[in-house]
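These notes are about the structure you will find just below.
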Amino acid sequence: MRHYRLFLLLLLLAPALGYGQRARLSGKVSLDTGWARKFYVCHMPGFDYMFTASNTLIIAEGDIDTAGNFSVNFPATKDESLYRLHFIRKGDPASTLIIGSRDVNHVFFIAKQADQIHFEKTAGLPISQSGISGSKANSGLNALLGLAANDTTGNNTFISIADSSTSQLVGLLAISRTDKLSEGQKEKVSDLLARYDAHNAYGAHILQEYRATSYWKLYLAGGVLLALALSLYGYLFYKRQAILKIWRELSQREMDIVGLILSGKSNKEVALALNIELSTVKTHVNNIYAKLGVNNRKDLDRYKDFINPRPGG
Amino acid sequence: MLVLGAVQAKAQVIKGSIELRDSAINRSIPIEVPAGAKSVKYDVKVYADVGEIKVTLTEPSTKKSFNVTIGTKASSTGHEPSKAEMSDDVSVKIPGNWTFYIRAENATGTISYEFEILKP
């Protein structure tokens, strides 16, 4: 009995639960007799599809009543998506797109799950200039599309819209309308995109492009660092080779004396260690200084790496 | 099979039609807009019974006046056709070469176009 009640409750709530996955579009339109009393809603999976006419994009359709009213529930995503509402003239295929003339037959809108969008065509105005309400994003979209249709709208305006829009979809669409950006503008756009959801389907292409730009900068920075590191290594290597070349001009006895001096022994201690006269040590030391181009014992430090430890040394 | 009938009546008007029968096409039609031209008026109609057809009109500034794709969907009764109509009168800001691109693959349908270059 308890399961039966639960089942009944779920059955009653099913439409409401199902609506949660959908959005609703209603509207009022006045069309002359040349138009069919049908409307269609297309889902635009990306900005590239905005001017694609294909039945595969149609996700909902319905009839317009004699008073011009229509409504439909259509499948919507959790996040904002772009849709296109269009009407057709009598005899035209369902998937018909009319662009540029006063007979423009479509209008774009943004919706997400549970949104209630309303369309109203003002008599005398083209469909594309009709009002779409029900979501804050749509006022931004309408303003953007109006500016995009104007040739004089520049990159800074689009970037400014992207910066101020609370809708990522509007922001991404604004960025997609930019062209031939300066380096400064590119940086601004990169900063904006860093705030956006990296998984936004509408931004995939744009984000990829700007990440590629960032990667290019990283590769360049890495290349410069690598070149600097290699240059430094080369410099140190050749410096060492030059010192080694000078070191090899010493006789074995002179090398032994340098080793003893670097171990902290005085000339007298060197003489004792090598069992030679102090004057001989002094002669060797003078010869060593002359060959190595040094003036004192401290300068011999740079040759310490070449000293081979000798037994008893 | 491809049937092409392009007519250039005067330097100011370029018009033609292309009929596609399960055809592939990749064509660019240059439209030379001389200095002093006031506007370019165009009327392009594309209809696809089968397959996909893409038409693009680019201005000298590389801006696209339109970039439209129409595609069809197979159904139990054959294919559901698609149609697009583009028409406008665009003022000429930069004279030079406009280009009308047509691309189609395994498409059956028709493309008709007319470009009129208006002088003051």
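What follows draws every value from the coordinates through simple rules; no lab data is involved. Given the structure is predicted, the values throughout are model-derived calculations rather than measurements. Ideal geometry is used to build each Cβ from the backbone, glycine not excepted, and the neighbour counts take in all protein chains shown.
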Top positive-direction residue, dipole computed over region A:22-132 with Cβ charges, set A:Pro75, A:Val29, A:Phe47: A:Val29
Which of B:Trp98, A:Trp247 has the fewest Cβ neighbours within 10 Å, and the rest in rising order: A:Trp247, B:Trp98
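Given charges of +1 on the Cβ of Lys and Arg and -1 on the Cβ of Asp and Glu, with all other atoms neutral, how large is the dipole of chain A about its Cα centre, in debye to the nearest 20?
Dipole size: approximately 1080 debye.
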Two-site FRET efficiency, A:Glu61 against A:Ser139, from Cβ-Cβ distance with R₀ of 30 Å, rounded to 0.05: 0.70
Rounded to the nearest 20 debye, dipole of region A:235-285 from Cβ charges on Lys, Arg, Asp, Glu: 240
Percent of beta bridges antiparallel (DSSP, the protein assembly as shown, rounded to nearest 5): 90
Reduced Cα scattering model of chain A, Debye log10 I(q)/I(0), q = 0.11 Å⁻¹: -0.82
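Divide by every residue of chain A the summed helix terms, -39500 (n - 2.57) for each DSSP H run of at least 4, and state the resulting mean residue ellipticity at 222 nm, rounded to the nearest 500 deg cm²/dmol.
-14500 deg cm²/dmol
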Among A:Leu230, A:Leu147, A:Leu244: highest mean-square fluctuation, GNM of chain A, C-alpha pairs under 10 Å: A:Leu244
Amide H contacts of B:Ile29 (H built 1.01 Å from N, under 5 Å, at least 5 apart or other chain): B:Phe100, B:Tyr101, B:Ile102
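Take the Cβ-Cβ distance between A:Asn295 and A:Leu244 as r, set R0 to 22 Å, and report the resulting FRET efficiency rounded to the nearest 0.05.
Working: r = 21 Å, r/R0 = 0.93.
Working from the Cβ atoms, E equals 0.60.
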5 angstrom amide H check on B:Ser65, placed H, neighbours 5+ away: B:Leu57, B:Thr58, B:Glu59
Length-normalised contact order for chain A - Cα pairs under 8 Å, 6+ apart - percent: 12
Rounded to whole Hz, the Karplus (6.51, -1.76, 1.60) HN-Hα couplings of region A:63-71, x for glycine and proline: 9, 9, 6, 5, 7, x, 8, 8, 7
Set of lysines near A:Lys78 by C-alpha distance (under 20 Å), chain-local residues within fewer than 8 positions excluded: A:Lys112, A:Lys136
Highest-MSF residue in chain A out of A:Asp79, A:Asp179, A:Asp301 [GNM, Cα springs under 10 Å]: A:Asp301
Rel. contact order, % - alpha carbon contacts under 8 angstrom, at least six apart, region A:249-307: 44
Relative exposure of A:Thr157, B:Thr77, A:Thr77, judged by other C-beta atoms within 10 Å (fewest first): B:Thr77, A:Thr77, A:Thr157
Residues with amide H under 5 Å from that of A:Ser101, placed H, sequence gap 5 or more: B:Ser87
Cα centroid separation - region A:119-151 against region A:75-111, whole Å: 13
Cβ-based exposure ranking for A:Ser128, A:Ser251, in which fewest neighbours within 10 Å come first: A:Ser251, A:Ser128
nm² value of the averaged projected area, convex hull over the Cα atoms of region A:22-132: 6.3
Cross-link reach list, lysines versus B:Lys83, counting only Cα pairs under 21 Å and skipping chain neighbours closer than eight places: A:Lys38, A:Lys90, B:Lys15, B:Lys41, B:Lys45, B:Lys54, B:Lys64, B:Lys73
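Would you work out the Kirkwood radius for chain B? I mean one over the mean of 1/r across all pairs of different Cα atoms, in Å.
Mean inverse Cα-Cα distance, inverted, gives 14.8 Å.
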Estimated dipole of region A:173-313 in Debye, rounded to 20 [Cβ of Lys and Arg +1, of Asp and Glu -1, Cα centre]: 340
GluC sites (Glu not before Pro), loop per DSSP, at most 12 other Cβ atoms within 10 Å - longest free stretch of chain A: A:1-248
Candidates A:Arg253, A:Arg89, A:Arg22, ranked by Gaussian network fluctuation over chain A, Cα under 10 Å, top entry: A:Arg253
Translational D in µm²/s for region A:249-307 (Stokes-Einstein at 37 °C, 0.692 mPa s, Kirkwood Rh from C-alpha pairs): 292
Where a label projected 7 Å from the Cα of A:Leu181 along Cα→Cβ would reach, residues of region A:123-163 with amide N under 18 Å: A:148, A:153-163
